[in-house]
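Okay, so here's the structure we're looking at.
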Amino acid sequence: MADKSVKILIANRGEIALRVLRACKTLGLPSIVVFSEADRNTLAVKLADEAICIGSAAAADSYLRADRIIAAAELTGATAIHPGYGFLAENARFAEICNDCGLVFIGPSAQAINLLGDKATAKTTMQKAGVPVIPGSNGVVKSLAEAGRAAEKVGYPVILKAVSGGGGKGMRVAKDSGELLDAFQTAAAEAKAGFGDASLYLEKYLVDPRHVEVQIIADSYGNVVALGERDCSLQRHHQKVVEESPCAVLPEDVRKKMTKAAVAAAETAGYTGVGTAEFLYEPSTKNFYFMEMNTRLQVEHPVTEMVCNIDLVAAQILVALGKRLPWKQSDIEIHGHAIEVRVNAEDPTRDFAPCPGKVQFYHAPGGPGIRVDSHLYDGYVVPPYYDSLLAKVIAYGEDRETARRRMLMALSELTIEGVVNTADFALALLQDEHFVSGKFHTGTLQELL
C-alpha cells in the first residue's frame, strides 16, 4: 500500500520502534523515528527514513514531551503518529493533541482511552455490557471504612488497586480485616506517587488464577475481530515474564465465551485499533472475570502474530488510516502454539536489579519457528534511563511441546556478552515441571523465586 501522502512518526524507542518501523517499510510508508540523546545510536535511528532528536536522556525531557513530538511531526511533515507502547501510548490528552493538530493518532480515540483507562469506570461499563467482572466495590473506595464495607460484602482476601494504575503499581492484597489498613494506605501512597492519583477500588482477590487475555482489533466501521487468546500467568510482581498462545488449559466452551466477552467489551467502548481484553480465569470453576482493557499494542503481540499469521502492527496502521478490516471472525484460524520470553538487562541473582552496559557481542538464535525482536547489535550501549527489555524471543511449533523445545534451543543459542541478562533464568524456568506440565498460575513464579 505505498501512499506518498502518508508519513508516520514513531514516538517510541528500542525494539518497539524497530518493530513499527519494519511494519511501515512492509506497507511502503515513509517513517520518522524520534530519539533522545541517549538513543542517538540505536538501530531504529540508523534504519529510519528520517530521525530527529527531541531532548535529553530522561524520558520526561524527551519521550514524554508531547510538545516536542508534535513539533518533530510538523518539522518532518508527518501525517500520523504511532506511540508504540509505554510512554504516551495510553495518554488520552496526547491522542487529543494529535487530532487537534491534524495528525492521525495510531490508537483508539481519546474517549475510549479515557473510558477504559479509568479501571473503576471500565468495570462499570463492562457490567452494563454483560461482561463478567470480579466482585468488588462500586467504583472508588473513598475511605478505609468504605473499603472495609466493600471487603465484608465480597469476602476476604481482597485486593486494592489504583484507579489510574498499571504495571503492578498501586496494588496491595489484604488477607483479612487486620491487613486492610496497611494495604489501603500503602496502595494509595504508591498510586499518588506513581500516577498522581491516590484513588483506589477494591476487588475480591482470586487465589491461584490464570491471567488470560484476548487480542482484538476493530476498525472505524463497527467491525471487531478477536485474534485468539494469550496466557500471561507467569509474572513477577505483576510484570509478565513468559507469554504463550493459545492458553493450554482453556476449555473450548470457555474460550468461546471469553472471546465473545472481549468483542462485547470493545463494541461497548466504541473501540478502534488494536487492544487487549484481560481476564482472570479460575480453572477449578471455569469462571473468568474482566480485569482491564489495554488500549495499545502489547509487548507480547508476536505470539498472536505467529499463531494467526497476521502482521498485527501493519493491520493496526491500516485501520488507523481508515481501512476496513480484511477479515470476519469466521476467517480467523489459530494454528500451532507460540511462546515468548522477555530477555531483560537484569540480574536475577540480585533481585533482578537493572544492569545497563555495553553489549560486547550479540548473537541472535535462528532455525525453524524462531523469531527475535531486538534492537541490539555489537557495541550497543544499553542506557540506564528506560525499561530493561533487550530482546523478545519467540518460538513457534505445531504443538506446545515443540514450541517449548525450540525455545530451549533458542535461549541456549542467544548470546549477549557484556550485559547481565535474564536469558539463563528463562531457560531454567521453561524446564521447570510447572511450565512443562502447564500447571501454573499468577503466583507460581513468585513462589519459585
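The numbers here are math on the coordinates, done by the rules we state, and not lab data. Quantities reported herein were computed from a predicted structural model and do not represent experimental measurements. All Cβ positions, glycine included, derive from the backbone under ideal geometry; neighbour counts span all protein chains shown.
Points to keep in mind about this one:
- Taking semi-axes √(5λ) of the Cα gyration tensor in Å as calculated from this structure, the corresponding entry among (i) 32, 26, 24; (ii) 39, 30, 19; (iii) 65, 23, 19 is (i).
- Cross-link pairs 175/439; 161/240; 119/328; 119/142; 257/286; 161/260 - those with Cα-Cα distance over 20 Å: 175/439; 119/328; 161/260
- For a label point 7 Å along the Cα-to-beta-carbon line of residue 182, residues of segment 141-176 with backbone N under 17 Å: 157-160, 170-176
- A P(r) calculated from all alpha carbon pairs of segment 8-106, with 5 Å bins opening at zero, reads 3, 15, 29, 28, 19, 6, 1 percent.
- Relative contact order [Cα under 8 Å, 6+ residues apart], the chain, whole percent: 14 percent
- Dividing the summed -39500 (n - 2.57) terms of all DSSP H runs of n ≥ 4 by the residue count of the chain sets its mean residue ellipticity at 222 nm at -10000 deg cm²/dmol.
- Alpha-carbon centroid distance for the pair segment 145-159 / segment 334-360, whole angstrom: 37 Å
- Counting neighbouring beta carbons within 10 Å and listing from fewest to most, the residues 444, 422 come out as 444, 422.
- 20 °C / 1.002 mPa s Stokes-Einstein diffusion coefficient of segment 210-448, Kirkwood radius on C-alpha pairs, µm²/s: 116 µm²/s
- Environment charge at residue 359 (Cβ cut-off 12 Å; Lys +1, Arg +1, Asp -1, Glu -1): -1
- Taking other C-beta atoms within 10 Å as the exposure proxy, 69, 334 rank 334, 69 from fewest upward.
- Take the Cβ atoms of residue 286 and residue 360, set R0 to 51 Å, and the FRET efficiency comes out at 0.55.
- The value of relative contact order for segment 8-106, using C-alpha pairs under 8 Å at least six residues apart, is 29 percent.
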